[in-house]
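Below is one structure; the comments refer to it alone.
The values are calculated or read from the model by the stated rules, or taken from the named source; none is laboratory data. Note that the structure is a prediction, hence the values are computed from the model and not measured. Every residue, glycine among them, receives a Cβ derived from its backbone with ideal geometry; neighbour counts consider all protein chains shown.
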Amino acid sequence: MQGILEVEDVVKTFRGHAAVDHASFSVGKGSFTALLGPNGSGKSTTLKMCTNLLQPDSGRILIDGIDVFEDTVAALSGAGCVIETPVVYPDVSGRSYLEHLGRLSGMSSETASSEAERVLGIVGMSDRCDRKVGSYSKGMRQRIVLAQSLIGDPSLMMMDEPTSGLDPQGSMEFGEILRRLNREGKTILMSSHMLHEVEGLCDSVVVIDRGRTVAQGRISDITRLSRITVSVVGEVSDAALRSVSEMEDVLEASKIDGGLTLRLDGGADRQAELVRDMVSMGLRVYAVRKEDPLEEAFMHITGGDGE
C-alpha cells in the first residue's frame, strides 16, 4: 500500500559528497514516524527535499501521489512543515504573527483571525498570544512555530528535530501535543537523533546512516532483536553456555563475570520463556536486565550510538 509520503531513490550531493545516497522510504498514513540517525547522517537534507527547500540530483518524492518537484503547490497543500527553526518576528504578538501568515496563505482577515485562535488553542498559547514574540521563552517560540505549521489543518506534518534545545519539561509538554495531534489523525514525520525521544513518541522509524536508508518499519518489529544480561549464582560452565547458545531464538550468548549476556530474536514473552528454560537446566538465575531495545537495534544497524 502506498504511503502518504514516498521517497524514491533520492540522491543529493554537495561538492562531490553524497549527503543523501539513494535513500528510499515510505511513511504510512496516520503513523508517527521518526527519521532517525546520527548527527550528519542526512536527515535534515532529506526533509528539506521533502519540502522542496532543496532539489535532489536524482530520484523523486511524492506526497499523496503528487511529485513534490513537478507540482509543488499541489503536493504540499496538505503538509505543515517545521524545518530548522523559522525566524519569528520579535516585535509582533503571537496572535498577530499567525493572523498575518493566514492572510498570506489567502485567507480573509476574519478567517485568518479564527484560524489563529484555533491553532493557538492546540499548542496551549491562547493565554499568552498577545505578548510580543520577542518576550517568549524558547519553548513558547517553538509552540508558535508549531502553531504556524498547523494553519490550514494539514494532514501531514514534517518536522526537523522540533524539540531541539528545549528543557526536559518543555520537551515532554511539546511531545504530548504531538502525540495528541497524531491520535487525532495527523501523520507526523519527525527527524531526531535522540533514541529516548523516538521511543517515547513514535510508532515507526526510518533509520538513515551516511545518507542511506538502512532500516525502516514499526519500532516493535525493529526492536525484536534485544540483549539481556542474566545474573546467576556461581559459575556458568562451558556446557551450560553451549546449551543456552543452542536454544531457539538465541542469536548469540557469551559468559560475563557473574552470568551471561544474550542477544535474542523475540519479545517479552519469549525472553521470559528463555529465562525459565535456563532455570530448568540448573542455572541459579537471580536477576535479569534488559538493554534499551531501540538503542540495541540502532547500534546493531548503524554500528554507532544514538546520542
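Could you look through region 206-222, keep only residues that are at pLDDT below 85 and buried (at least 19 other Cβ atoms within 10 Å of the Cβ), and pick out the one that is farthest from residue 258 (Cα to Cα)?
So, considering only residues that are at pLDDT below 85 and buried (at least 19 other Cβ atoms within 10 Å of the Cβ), the one farthest from residue 258 (Cα to Cα) is 219.
Filter region 108-125 down to the residues that are within 9 Å of residue 143 (Cα to Cα) and of a type outside the set (Gly, Ala, Ser) and list them by number. Before the answer, list the steps.
So in region 108-125, the residues within 9 Å of residue 143 (Cα to Cα) come out as 120, 123-125.
Selection gives 120, 123, 125.
Quick one: in region 65-100, which of the residues that are in contact with an Asp or Glu (Cβ under 8 Å, 6 or more places away or on another chain) and of a type in the set (A, V, I, L, M) is nearest to residue 7 (Cα to Cα)?
75
Yes or no: residue 126 in a helix (DSSP H, G or I), surrounded by fewer than 20 Cβ atoms within 10 Å (Cβ to Cβ), polar (S, T, N, Q) and without any contact (Cβ under 8 Å) to a residue 60 or more places away in the chain?
Here the answer is no, as residue 126 does not meet what is asked.
Please go through region 63-89 and pick out each residue that is surrounded by fewer than 22 Cβ atoms within 10 Å (Cβ to Cβ), closer than 21 Å to residue 208 by Cβ and free of Cβ contacts under 8 Å to residues at least 60 places away in the same chain.
The answer is 69, and nothing else.
Within region 31-60, how many residues are over 18 Å from residue 70 (Cα atoms) and surrounded by fewer than 16 Cβ atoms within 10 Å (Cβ to Cβ)?
The qualifying residues number 2.
Could you please find all residues in region 233-282 being of a type in the set (Val, Ile, Thr) and over 32 Å from the mean Cα position of the chain (by Cα)?
First pass over region 233-282, keeping only residues of a type in the set (Val, Ile, Thr): 233, 236, 244, 250, 256, 261, 275, 279.
233, 236, 244, 256, 275, 279, listed by residue number.
Taking the options 46, 33, 13, name whichever one is within 13 Å of residue 156 (Cα to Cα), of a type in the set (Val, Ile, Thr) and not in a loop (DSSP other than H, G, I, E, B).
That would be 33, the only listed residue that is within 13 Å of residue 156 (Cα to Cα), of a type in the set (Val, Ile, Thr) and not in a loop (DSSP other than H, G, I, E, B).
Look at region 96-121 and say how many of its residues are within 29 Å of the chain's Cα centre (by Cα) and buried (at least 17 other Cβ atoms within 10 Å of the Cβ).
The number of residues fulfilling the criteria is 8.
Restricting to region 278-295, count the residues that are touching an Asp or Glu at 6+ places or on another chain (Cβ under 9 Å) and in a helix (DSSP H, G or I).
Count: 3.
Return a yes/no flag: does region 82-93 have any residue that is part of a helix (DSSP H, G or I) and either hydrophobic (A, V, I, L, M, F, W, C) or over 23 Å from the mean Cα position of the chain (by Cα) (or both).
Scanning region 82-93 turns up no residue that is part of a helix (DSSP H, G or I) and either hydrophobic (A, V, I, L, M, F, W, C) or over 23 Å from the mean Cα position of the chain (by Cα) (or both).
Within the bounds of region 144-156, is there any residue that is without any contact (Cβ under 8 Å) to a residue 60 or more places away in the chain and either within 15 Å of residue 33 (Cα to Cα) or in contact with a strand residue (DSSP E or B) (Cβ under 6 Å, 6 or more places away or on another chain) (or both)? Steps first, please.
Step one: list which residues in region 144-156 are without any contact (Cβ under 8 Å) to a residue 60 or more places away in the chain, which gives 144, 147, 153.
From what is left, the residues that are either within 15 Å of residue 33 (Cα to Cα) or in contact with a strand residue (DSSP E or B) (Cβ under 6 Å, 6 or more places away or on another chain) (or both) are none.
No.
State yes or no: is residue 41 small (Gly, Ala, Ser) and in a helix (DSSP H, G or I)? Walk me through how you get there before you give the answer.
Details: small (Gly, Ala, Ser): yes; in a helix (DSSP H, G or I): no.
No.
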